[in-house]
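Encoded as structure tokens, the structure appears first; notes follow it.
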Amino acid sequence: MRFLLATSALSCAAIALPVVAGITLVGPTTLPLSTLLYPTHAAVGDVDGNGVVDIIVSCRDVTGHMAFLRGLGGGVFAAAELIDVGSQTDWVEIRDVDGDGTPDLLASIRAGHGRFAVLKGLGGGQFAPPIMILAQRQPAGMIVRDLDGDGDLDVALVNYISASLEIWKGDGAMNFQLSQTIMTQQWAAGIPYPFSIIAADFDGDGDLDLATASIGGSQVAMMRNMGSGIFSQGESWRAPPVGDETVSIANLAPSDIDQDGDIDIISNGLLLASPNATVLWINDGAGRFPQKVIRPGGTEGYSWTVNAADMDGDGDDDLLLGSALPGKLTIAEVDGAKGGAFVNVATKSGGSFLRDMTLIDIDNDSDRDVVAVDIALHTVMIYRNTSGGVADDPPGQPWGTLPKFKHASAASQWLAQWEQGQGSLAGDIPAVCGPGAGPCEEVHDTPGCVRTLCCEAVCKYNPLCCEFEWDQACVDSEEELCDDFNCPSAGACDQFHASVGCEDETCCGFLCEFDPFCCYSIWDETCARESPMYCGASACSIGHNPIAIELPEICYQRLDDGCNKVGAGSIAALCGKMYESTIASDVPRDTDWFRLDALGCASAVITFNTEFPLLALVVQGACDGPLQMQQAIEVEPCSNGSMTVVNAPDSWLVVSAGNVDRVFRGEFPCDIPDPDDPPPGPDDPPFEPGFFGLHYRANFIAAAIAGDINGDGHVDGADLSTMLSDWGGTGPADLDHNGIVDGADLARLLSNWG
């Protein structure tokens, strides 16, 4: 068992698109990159020290390079040079980390083996080999700013797969120390997939706060800087629906869009059944965003990226919106005096997939231009902010046939993982691995093979096996790499090591089924911590307690998912009652939400018994936000644990499968047939239950409170009367047990009054 504590009007006014724009952009001028480079972000600055701005481009590139475009002046750039990083990058920043006057580079490394790289600038656009700093699973966005006010640059890194935010404190000498890890939205039904991060003083206290966008939860989370670069747990707000559809968000931009003196948040709004949207998250002045306003988001493609700047020199920010498939750039002229209303909107060509854009004066004419990257066309695209014409759309559709998505969040996740020109699912496991591919132990003329973990291990060693065909060399690699999916391997199972698998074959095999990351990326801190918790565990049954209230939910129905499902119910938790239920973690993950403001006592001790790894969270707030985690406990399978909770408004206990490092998906399939998804036919693979059971028990017992002399769960007049009647003597009113009822006892009673 592990116990942790954490600090603690919707407007949907969609409008029609006007056709005349007050902001004109010429272009795009395209700067081609190698077809091996899939650009993800463009950082702009004078890198080589000649007084002209240059462009550094982070790239998803199997050869591990970023692109460097030297500025020649007037917005003209030389052909791209390569900067060797050794791994794919999703973000890059140009910063003078060590204060020597020469720009350095910092980049987030896109890999299961998460890292960020620091490349010291040597002058003239040359860089030392990267210093790699270990992070969590698959970093995405990053911020490099002075977060603690000590004059040195720090790093905030958001990790897509780990669903976490890491704060790394810098010392001004290119060294970084991990200061804090914040898990995002652990109560969510699935992995939140935090993708982008921005920094601004949202609450007006003079230091930089952080905000992230979560693709999986359609939420924005804001982490308050409590001073000295220490951040609170995220306060989350949920995007409003448009009609019957949930808006999916991926990218954020800070802007005082309504010109009221505080910083609001702008996000994209990807929709499938409706035209795209833009969401304005309006700051109430205290760093809270109770009002969400829906604006247009472009009529073509999938809404993806967003940025804000004063493009027309009128003193308020305007919005630039980029889409994918087709790539379009939508320019929205904004009137801050009208609450951020769009007064003119126009759309320009934008290639195929505008992955990201930077707004900066690229040609030194005192207005902001647009530097965008097209991940599908391998180009940097420059739109000059001046009067002029509109470019034609490029011919063809290089992304091929698009998948059919059921939900907007699924489309956002697919786009977030984009890596190849045909729009295949990218990431650490190639799309050619898994069902439908050929056998791993036999030669075949198509790429990939059917055993996913084995396929990924072989292709990591020999990428050609997942690009062209599964030849004899791939089969030979299978014999060497795929024995029990890299089990056993070098390295103790309870210790971190930067290789796959561990030395205990049984533990390695079990944990790699439970957490496949441990056998296709590295044996990271999470694998090492889970090893002694779960390896060697025996499946158990907690049985049925006859006094327990059995919750009637069937695991696939998700009837009491609280804030995780629109229209879902919750359970009124009562002191003195015991509840039994089940948890399954098929996608979407099942969660049980108990209302703690129904307890009927001031506080309660909750004791858990569980057949599976249980994660219990106390969260407080409204479903639409702010919702914030206050307390967490993990309970190992076949054991028990307890936590104390208080009766507070809008307070919830959320029970799910997981631990404080990650939520579990798929390891605990529902064991009751679903009539809408019947059992497999005789020729289909049989149902295989998970290793752990699905049952848990939660017992709510009123906690003892100093001053509650009669034990009714409240400190009130009845207790005061008892104390006064015992005054000067002894008895139950002697709260400090010093042998006399006196003023010290009265002070303790009054401190808990009510």
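The values are calculated or read from the model by the stated rules, or taken from the named source; none is laboratory data. What you see is a predicted model, and the numbers here were worked out from it, not measured in a lab. As a convention, Cβ positions derive from the backbone with ideal geometry for all residues, glycine included, and neighbour counts pool all protein chains shown. To get the accessible areas, we keep the full protein, side chains included, count just its heavy atoms, and leave off ligands, DNA and RNA. Shrake-Rupley method; radii C 1.70, N 1.55, O 1.52, S 1.80 Å.
Evaluate the charge dipole of the range 544-610 about its Cα centre and quote only its size in Debye, nearest 20, assuming +1 on the Cβ of each Lys and Arg and -1 on the Cβ of each Asp and Glu.
Values: 5 positive and 9 negative charges, 29 e Å.
Here the size comes out at about 140 debye.
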For Cα Rg over 2.2 N^0.38 Å, one of (1) 1.42; (2) 1.15; (3) 1.03 was computed from the structure I shared and the rest are decoys. Which label?
(3)
Which of the listed residues, S581, C623, G600, is farthest toward the dipole's positive end in the range 561-637, when Lys, Arg count +1 and Asp, Glu count -1 at the beta-carbon?
G600
For R748, R95, what's the largest-to-smallest order of accessible area, 1.4 Å probe?
R748, R95
Using each residue's phi in the range 537-542, evaluate 6.51 cos²θ - 1.76 cosθ + 1.60 at θ = phi - 60° and report the 3J(HN,Hα) Karplus result to the nearest Hz, with x for Gly and Pro.
5, 9, 4, 9, 10, 8
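Between S541 and D284, what FRET efficiency comes out of the Förster formula 1/(1 + (r/R0)^6) with R0 = 51 Å and r the beta carbon distance, rounded to 0.05? Please list the in-between numbers first.
Details: r = 50 Å, r/R0 = 0.98.
Working from the Cβ atoms, E equals 0.55.
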Measuring from its Cα centre, the chain shows a charge dipole (+1 at each Lys and Arg Cβ, -1 at each Asp and Glu Cβ) which, in debye to the nearest 20, is 1000
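Measuring with a 1.4 Å probe in the full set of protein chains, what accessible area per residue, in whole Å², belongs to the chain?
Working: 28940 Å² over 754 residues.
Heavy-atom accessible area per residue stands at 38 Å².
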Count the DSSP beta bridges whose two residues both fall in the chain, then state the antiparallel fraction as a percent rounded to the nearest 5.
95
Anchor K120: lysines whose Cα lies under 29 Å away (excluding residues fewer than 8 positions away in-chain)
K169, K460
Strictly greater than 26 Å: what percent of every Cα pair in the range 92-226 meets that?
22
In the neighbourhood of A568 defined by beta carbon distances under 9 Å, the net charge of the other residues (Lys, Arg +1; Asp, Glu -1) is 0
Sequence neighbours fewer than 8 away in the same chain don't count; with that in mind, list the lysines whose C-alpha is under 29 Å from K565.
K292, K404, K406, K577
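For a Förster distance of 41 Å, can you work out the FRET efficiency between the beta-carbons of E245 and R748, rounded to the nearest 0.05?
On the way: r = 55 Å, r/R0 = 1.33.
Between E245 and R748 the formula returns 0.15.
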List residues of the range 597-621, by number, whose backbone nitrogen lies under 16 Å from a label position 7 Å along Cα→C-beta of A718.
600-603
Spin-label model distance (nm) - A548 vs E479, 7 Å beyond Cα toward Cβ:
5.2
For the range 193-318: relative contact order, % (alpha-carbon pairs under 8 angstrom, 6 or more apart)
20
Ignoring ligands and nucleic acids, what accessible area does Y383 show with a 1.4 Å probe (Å², nearest 10)?
0
Separation between the Q472 and N364 pseudo-spin-labels, each 7 Å from Cα along Cα→Cβ, expressed in nm?
6.1
Rg over Rh of the range 537-627, using C-alpha atoms and the Kirkwood radius, what does it come to?
0.95
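Classify the range 85-164 from the C-alpha gyration tensor, please: rounded if a/c falls under 1.5, else prolate or oblate depending on whether a/b exceeds b/c. Could the numbers behind the result be given before it?
Working: a/c = 2.64, a/b = 1.36, b/c = 1.94.
Here the range 85-164 falls in the oblate category.
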Farthest towards the positive end of the dipole of the range 258-306, among A286, G297, I263 and with Cβ unit charges of +1 on Lys and Arg and -1 on Asp and Glu, lies the Cα of G297
Setting aside same-chain residues fewer than 8 positions from K338, which aspartates and glutamates have a Cα under 17 Å from its Cα?
D256, D258, D260, D262, D264, D284, D310, D312, D314, D316, D317, D318
Rounded to the nearest 0.05, FRET efficiency between Q495 and L178 (Cβ-Cβ, R0 22 Å) equals 0.80
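Multiply the residue gap between A128 and T730 by 0.36 nm, knock off their C-alpha separation, and tell me the result in nm, one decimal place. Before the final figure, lay out each step's value.
Details: separation 602, 0.36 × 602 = 216.72 nm, distance 7.64 nm.
Contour length minus Cα-Cα distance gives 209.1 nm.
Could you tell me what percent of the accessible area of the chain is made up of carbon and sulfur, with a 1.4 Å probe and every protein chain present?
Details: 15240 of 28940 Å².
Carbon and sulfur: 53 percent of the exposed surface of the chain.
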